[in-house]
Amino acid sequence: MTEIHGDDRRFPPALADLARVGVDYADGEGIDFEPYDAFSSAEETTHWLRQWTGNPELDGDAYRFFGQDGTGGTAALWYARPGRPLAEQPVVFLGSEGERGVIAGSLSDFLWVLADGVGPLEVVQFGDTGPRPNAAPLTDLATRHATTPRRPAATIVTEAQAEFPAFSDHIDALCR
């Protein structure tokens, strides 16, 4: 079982604002991402991960799902840095067809990825790191909440994937 801070189910203000702002899909030209207004419950997370991995013994303690794409793939904060706050954990994506990948090294960096007009599905499934125009509301959101400097999505994704190169192997080890 993964040990996580006591505030691990409290939805960060940045994600609450993201849910209020929303993400514009724009008929396939935008970001395919639907933010939640709260983390999935521990039970929902465990159920989803057990179904996705085929592992009935797995619990969802290491993940906080906070949004999905149109096919049901999910974005999550992954508790990979013990002792660090939830907002400093990496953002990962588990796609509906087995795709998986690290998107950003922190929630703050994830906001900058969205501000570049790129979502989790686009990064993991298509290797697309944009940028795309017309992400002004997401840029405003990142400007208000981000604690890391703005960098291009491609840089953020590359840095995060370099920091967590074994994420896919980690997921493979969970699968049955």
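Summary table below
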read-out	value
The chain, dipole about Cα centre (Lys/Arg Cβ +1, Asp/Glu Cβ -1), debye to the nearest 20	420 debye
Net length gained if the chain between Q51 and R132 were fully extended (0.36 nm per residue, minus Cα distance)	25.8 nm
Per-residue [θ]222 nm for the chain (sum of -39500 (n - 2.57) over DSSP H runs n ≥ 4, rounded to 500)	-11000 deg cm²/dmol
Relative contact order, percent, the range 1-159 [alpha-carbon distance under 8 Å, six or more residues apart]	18 percent
Cα-Cα pairs of the range 72-176 separated by more than 22 Å (percent)	25 percent
Equivalent-ellipsoid semi-axes of the chain, from the Cα gyration tensor, Å, largest first	24, 17, 16
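Readers should treat all values here as calculations from the given coordinates under stated rules, not as data from a laboratory. In this text the structure is predicted, and so the values were computed from the model without any measurement. Quick reminder, even Gly has a Cβ in these numbers, built from the backbone with ideal geometry, and neighbours come from all protein chains shown.
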